[in-house]
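Below is one structure, written out as structure tokens; comments come after it.
The values are calculated or read from the model by the stated rules, or taken from the named source; none is laboratory data. The structure presented is a predicted model; accordingly, all values stated were derived computationally and were not measured. Counting neighbours? That spans all protein chains shown, and the Cβs are built from the backbone with ideal geometry, glycine included. Note: accessible area is taken over every heavy atom of the protein model, side chains too, but ligands, DNA and RNA are not part of it. Shrake-Rupley method; radii C 1.70, N 1.55, O 1.52, S 1.80 Å.
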Amino acid sequence: MNSYLDIHPEVAEALAGNGPVVALESTIISHGMPYPQNVETALRVEQTIRDAGAVPATIAVIGGRLKAGLSADEIEYFGKKGRRIAKASRRDLALLCARGEDGATTVTTTMMIAHMAGIRIFATGGIGGVHRGAETTMDISADLEELAQTPVMVICAGAKSILDLGLTLEYLETKGVPVLGYQTSELPAFYTRHSGFSVDYRVETPAELAKVLHTSGQLSLKGGILVTNPIPEAYSMPKEVIDAAIDQAIRESREQGIKGKDTTPFLLARVAELTGGDSLASNIELVLNNARLAARTAIEFAKY
Ligand code: PSU
Ligand code: MN
């Protein structure tokens, strides 16, 4: 086993007994939501997974160690430090470990560390993708490359339209990543249930998701599987409101010359500010919803 990896005892015990485990990312805590809602949400997400009968493993880099499973104090630390913690993508891991530094794991690095630990299912809010204007900026999230090469099922609420959803789907197709819709044929767009784009396959139950993941392993396919789970109707936001905020945030990011790894956190924070507390409440609910589906899927997967 990787000598930089620390698996939390509760997680290690579950994995040793082939029990259900769900990985969670830490960038959503440090960069995705404001303090203290980020810490409250991270702890509620863990509790939701436990209540459903699975074990949560929040993933992060702390002092150069790759952590699969955090204590409540470590989650508090990430939430309080917020955007002062480095956002860690694939290119950053060796540097952070060599220097003994902290890093908040994105979808990319959470998938990597989950895979090192032997965790197959990961719940989050939204993934990175092909940004609008990528035909000139070439801003394409490393998340898509990781989905192409790491065999973890990522359960999200689709992608925000800060991205070009059509190009994101094209990229995933090129890379051989199946995009599944949970009880929907339409790709959900994070705050809203609708995007106008189709998913590759509609799946009805956690048992079916688990079977697809198991089968992918049986076939020795190297990549991941993307599951898109629409936000519950009661918490979804009016499309016009969210679209207007996203358009304004993108305009401001261009005016201010925001680039590279700062783009996504800038847009997320600005959209949240422009839409007030509404988008934060929706964001929290969709993450809880994804955690529940991931826990139920992990329980089905543990039967294989
Ligand atoms: N999209 C969201 N919420 C998030 C992220 C994206 O709706 O919190 C975070 C995730 O950690 C994701 C990362 O992996 O941003 C993508 O960043 P980039 O676009 O720089 O690859
Ligand atoms: Mn980028």
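Could you work out what % of the accessible surface of the stretch 7-58 is carbon and sulfur, using a 1.4 angstrom probe and leaving DNA, RNA and ligands out of the count? Of all accessible area on the stretch 7-58, carbon and sulfur atoms account for 53 percent. For F301, the accessible surface of its heavy atoms amounts to roughly 40 Å² (probe 1.4 Å, protein chains only, rounded to the nearest 10). Across every pair of non-identical alpha carbons in the stretch 169-212, the mean reciprocal distance, once inverted, gives a Kirkwood radius of 11.1 Å.
Considering only M153, M33, M237, the Gaussian network model of the chain with Cα springs below 10 Å gives its largest mean-square fluctuation to M237.
Report relative contact order for the chain in percent, whole number only (criteria: Cα-Cα under 8 Å, sequence separation at least 6). Show your work: numbers first, answer last.
Numbers: 627 pairs, mean separation 61.1, N = 304.
That works out to 20 percent.
Only beta bridges with both residues in the stretch 42-142 are counted; by DSSP, about 75 percent of them are antiparallel. Structural descriptor for the stretch 131-263: relative contact order 31 percent, calculated from alpha carbon pairs under 8 angstrom and at least 6 residues apart.
Taken over the C-alpha atoms, the stretch 245-290 has Rg and Dmax values of 11.8, 35 angstrom.
Helices in the chain, meaning DSSP H runs of at least 4 residues, each add -39500 (n - 2.57). Divided by all residues, the mean residue ellipticity at 222 nm is -14500 deg cm²/dmol. Taking each residue as 0.36 nm, the span from E40 to L221 lengthens on full extension beyond its C-alpha to C-alpha distance by 61.5 nm.
Within the listed set P20, P188, P265, the Gaussian network model of the chain (springs between alpha-carbon atoms below 10 Å) gives the highest mean-square fluctuation for P265. Between K87 and A104, the built amide H atoms are under 5 Å apart, and every one of these is 5 or more places off in sequence or on another chain. The 3J(HN,Hα) values that the Karplus relation (6.51, -1.76, 1.60; θ = phi - 60°) gives for the stretch 75-81 are, in residue order, 5, 4, 4, 5, x, 5, 6 Hz. Gly and Pro appear as x.
Given axes a ≥ b ≥ c from the Cα gyration tensor, I'd like to know whether the chain is rounded (a/c under 1.5), prolate (a/b larger than b/c) or oblate. Rounded shape, in that the Cα axes give a/c under 1.5.
Estimated at the nearest 10 Å², the accessible area of D73 is 120 Å² with a 1.4 Å probe. Using a ≥ b ≥ c from the Cα gyration tensor of the stretch 1-62 (square roots of the eigenvalues), is it rounded, prolate or oblate, where a/c under 1.5 gives rounded and otherwise the larger of a/b and b/c decides, a/b for prolate? Verdict is oblate for the stretch 1-62. Relative to its residue count, the stretch 159-304 spans a Cα convex hull of 117 Å³ per residue. Sorted largest first, the spans of the alpha carbon positions of the stretch 121-214 along the three principal axes are 42, 28, 21 Å.
In the stretch 190-244, which trypsin sites (Lys or Arg not before Pro) fall in coil by DSSP and have 16 or fewer other Cβ atoms within 10 Å? Intermediate values should be presented prior to the final figure.
Numbers: sites: R193, R202, K211, K222, K239; in loops: R193, K222.
Those satisfying the criteria are K222.
Figure note: Y201, Y171 ranked by solvent-accessible area, largest first, 1.4 Å probe, ligands and nucleic acids not counted: Y201, Y171. Counting only protein chain heavy atoms and rolling a 1.4 Å probe, the accessible areas of T58, T264 rank, largest first, as T264, T58.
A simple rule links phi to the HN-Hα coupling: the Karplus curve 6.51 cos²θ - 1.76 cosθ + 1.60 with θ = phi - 60°, which for the stretch 51-56 gives 4, 7, x, 10, 10, x Hz, with x for Gly and Pro. For the options V212, V21, V154, a Gaussian network treatment of the chain with springs between C-alpha atoms closer than 10 Å singles out V212 as fluctuating the most.
If the chain linking A98 and Q183 were pulled fully straight, counting 0.36 nm for each residue of separation and taking away their Cα-Cα distance, it would gain 26.2 nm. For the stretch 39-122, what does the alpha-carbon gyration tensor say about shape, rounded, prolate or oblate, given a ≥ b ≥ c as the root eigenvalues, a/c under 1.5 as rounded, and a/b over b/c as prolate? Because a/c hits 1.5 or more and a/b fails to exceed b/c, the stretch 39-122 counts as oblate.
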